[in-house]
Ligand code: KG4
Ligand code: ZN
C-alpha cells in the first residue's frame, strides 16, 4: 500500500511516499529554519507562510522522487498535533483536499508518536513491549510501546524539553539557533567533567524530567564566573571559542560539554531504567536531539552487554519529516483508524 505522509507541525514542510509502512520511497523536506535564526526561535507566522508557499511543490517533488503518480496513492496520513495551530492546518487542509479529490482515506497522526516510527521504518524487527524515547525541541517523553498502536506514557518533562534547554543554553552563550547542533559541535573539544551541573532525577523510580534547574545553573555559572553580566559577556563568549576574559576558567567548549553531559546522563539513566523495569529489550528513539552523536554513543555504551538494542531514526528521519507520519498512518489504518473531514489541528495533543 502506498501512503502519502504530510508533516507541517512546526518549521519543516515535508511530504513522503512510503510503501507498506516500511519502505521510504521519498522524503522531501523544505525547512524554514534559516528564516527563524535571527529571531532565536521559530516564529509561527513565518513558518505558516513558508508552509503555504511550499506545500504543493513539496508534495509534487515527493511523488516525483518516488516515481509515483497521485492516482497511485491509497492513503494520506497527516500530522494533526501537537504543533503550531496554523502550521498544522495547512498540512491538514492539503490532506483533506487530496483525500476528497482522489477518493482515498485519510488518517490523522500524533506527531509525537510518529517520531517513534522513525526508528522502525526500513524493516526493523520490533519486539514488543519496547521503550520509546522522544527527545525533541518540544518534548522529552518516555513511553511503553506495547504494540504498534498501544502505548502507555511513563514520564515526560515537567518544564523544558531537552532540545529547548539546548536552544536556550546556546542563546545564553550567544552561540545561535538551533542550539542542539551548535552545542554538540562545541562540546567535541570540551571536557564534560569540567563543571558539575545539577542532574534532576525527581525521586526514585520517576520517569519524569526537569531541565529548568540545569538551565538556570548554566545562567548563574556564566554570570558568576565570567564577569557577572551574561549579556555583556555573551558577545565575547559567542564570537570565538575560548574567548573568556580569564584564562583559568573553563572554555565555551567545556561549558557545552558539561551541560550536554548533565542532560544526557539523566535521559540515558531514566530510559535504561524504564527498559529494565518493563523488561523490554529494545529502545526506539526519535526527535531532533536523537541526531546527537554523543547521546547515541552514551546509549550504545549503556546497552552494551545488557541484551538491549537501541534503535535510532533511519537516515534523514531524526528531525521532523513525513516518512515517519506515513509509517505511523499506515499502522493506524491497518488497525481500522480512519479520520473524517472534521479532523482539526490539535496544538496540545497528548500521547496515549
Ligand atoms: O524533532 P525536532 O526537529 O522538532 C520538534 O518536534 O521539536 O527537534 C528540534 C530540536 C531543537 O531543539 C534542536 O536544538 C534539537 O532538536 N537538535 C539537537 C541536535 N539536532 C537538533 N539537539 C542536540 N544535538 C543535535 N545534534
Ligand atoms: Zn518533532
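The values are calculated or read from the model by the stated rules, or taken from the named source; none is laboratory data. It should be emphasised that the depicted structure is a prediction, and the values quoted were computed from it without experimental measurement. Cβ atoms come from the backbone with ideal geometry, glycine included; neighbour counts cover every protein chain shown.
Observations, loosely collected:
- Residue 51 falls short on exactly one of the conditions (1) over 17 Å from residue 317 (Cβ atoms); (2) in contact (Cβ under 8 Å) with a residue 24 or more places away in the chain; (3) more than 16 Å from ligand 1 (Cβ to nearest atom); (4) not in a loop (DSSP other than H, G, I, E, B), and that condition is (3).
- Residue in the stretch 116-130 that is free of Cβ contacts under 8 Å to residues at least 24 places away in the same chain, more than 16 Å from ligand 1 (Cβ to nearest atom), assigned to a strand (DSSP E or B) and closer than 26 Å to residue 314 by Cα present: no
- All of 344, 315 fail the test of being at pLDDT below 95 and assigned to a loop (DSSP other than H, G, I, E, B), apart from 315.
- Any chance residue 69 is farther than 19 Å from residue 316 by Cα, within 16 Å of ligand 1 (Cβ to nearest atom) and over 17 Å from the mean Cα position of the chain (by Cα): no
- So residue 185, is it more than 14 Å from ligand 1 (Cβ to nearest atom) and modelled with pLDDT of 95 or more: no
- Odd one out for residue 181, checked against (1) within 16 Å of ligand 2 (Cβ to nearest atom); (2) part of a helix (DSSP H, G or I); (3) surrounded by 22 or more Cβ atoms within 10 Å (Cβ to Cβ): (3)
- If the condition is being away from ligand 2 (no atom under 14 Å from the Cβ), out of contact with any strand residue (DSSP E or B) (no Cβ under 7 Å at 6 or more places or on another chain) and in contact (Cβ under 8 Å) with a residue 24 or more places away in the chain, then the stretch 134-157 contributes 148, 149.
Residues checked against (1) assigned to a helix (DSSP H, G or I); (2) closer than 30 Å to residue 125 by Cα:
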| residue | (1), (2) |
| --- | --- |
| 9 | no, yes |
| 28 | no, yes |
| 36 | yes, no |
| 46 | yes, no |
| 59 | yes, yes |
| 62 | yes, yes |
| 71 | yes, no |
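- Selected residue (only one of 59, 46 is crowded, with 23+ Cβ neighbours inside 10 Å and within 24 Å of the chain's Cα centre (by Cα)): 59
- Per-region count, the stretch 327-352, residues surrounded by 14 or more Cβ atoms within 10 Å (Cβ to Cβ), under 19 Å from residue 151 (Cβ atoms) and touching a strand residue (DSSP E or B) at 6+ places or on another chain (Cβ under 9 Å): 11
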